[in-house]
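Quick notes on the structure that follows.
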Amino acid sequence: MTKNQTVLEGKVASRDTLRATPGGVATLNLTLIHQSTQREGRAEVAVEVEMNAVAFGELAEEMNSVKVGDNISIKGFLSRKNRFSPMPILHITQFKFS
């Protein structure tokens, strides 16, 4: 299995201060709230989800302009939060204001 790509639009619910990893790489954590209606079989399903996300390097520095309440679209891949937690986090590889 090699496919792992996620695209999500939503409102920034929270964001941390831009910081650096111990190796000096810029990192930015945020939480995105997504609300929509999706088709599942023959039914329309109301969807609401909060997704934790992280950006690294130049992208994190570029995303430092994102504010709580902004509507953005992010693209990336899912991974576990860390080696001790199976909880998913979206690693952002692209973003745009929407």
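Computed from the coordinates by the stated procedures, all read-outs in this text should not be read as laboratory data. Just so it is clear, the structure is predicted and the values come from calculations on it, not from any experiment. Note that each Cβ is placed from the backbone with ideal geometry, even for glycine, and that neighbours are counted across all protein chains shown.
Remarks
- Alpha-carbon centroids, the range 64-90 and the range 1-61: separation in whole Å: 4
- Karplus-derived HN-Hα couplings along the range 23-36 (A = 6.51, B = -1.76, C = 1.60, θ = phi - 60°), whole Hz, x at Gly and Pro: x, x, 8, 4, 9, 9, 9, 8, 10, 10, 9, 10, 9, 6
- Loop sites here are trypsin sites (Lys or Arg not before Pro) outside DSSP states H, G, I, E and B with no more than 13 other Cβ atoms within 10 Å. The longest part of the chain free of them is 4-41.
- Within the listed set A60, A20, A43, the residue fluctuating most in the Gaussian network model of the chain (springs between alpha-carbon atoms under 10 angstrom) is A43.
- Taking the DSSP bridge list for the range 6-97 and keeping only pairs wholly inside it, about 95 percent are antiparallel.
- Loop-located chymotrypsin sites (Phe, Trp or Tyr not before Pro) in the range 1-95 (DSSP state not H, G, I, E or B) with no more than 10 neighbouring Cβ atoms inside 10 Å: F84.
- Per-residue [θ]222 nm for the chain (sum of -39500 (n - 2.57) over DSSP H runs n ≥ 4, rounded to 500): -1500 deg cm²/dmol
- Most mobile of G57, G76, G41 in a GNM of the chain (Cα contacts under 10 Å): G41
- Prolate/oblate/rounded label for the range 6-97 (Cα gyration tensor, a/c 1.5): prolate
- Number of Lys pairs (Cα under 17 Å; 8 or more positions apart or on different chains) in the chain: 6
- Highest-MSF residue in the chain out of A53, A26, A13 [GNM, Cα springs under 10 Å]: A26
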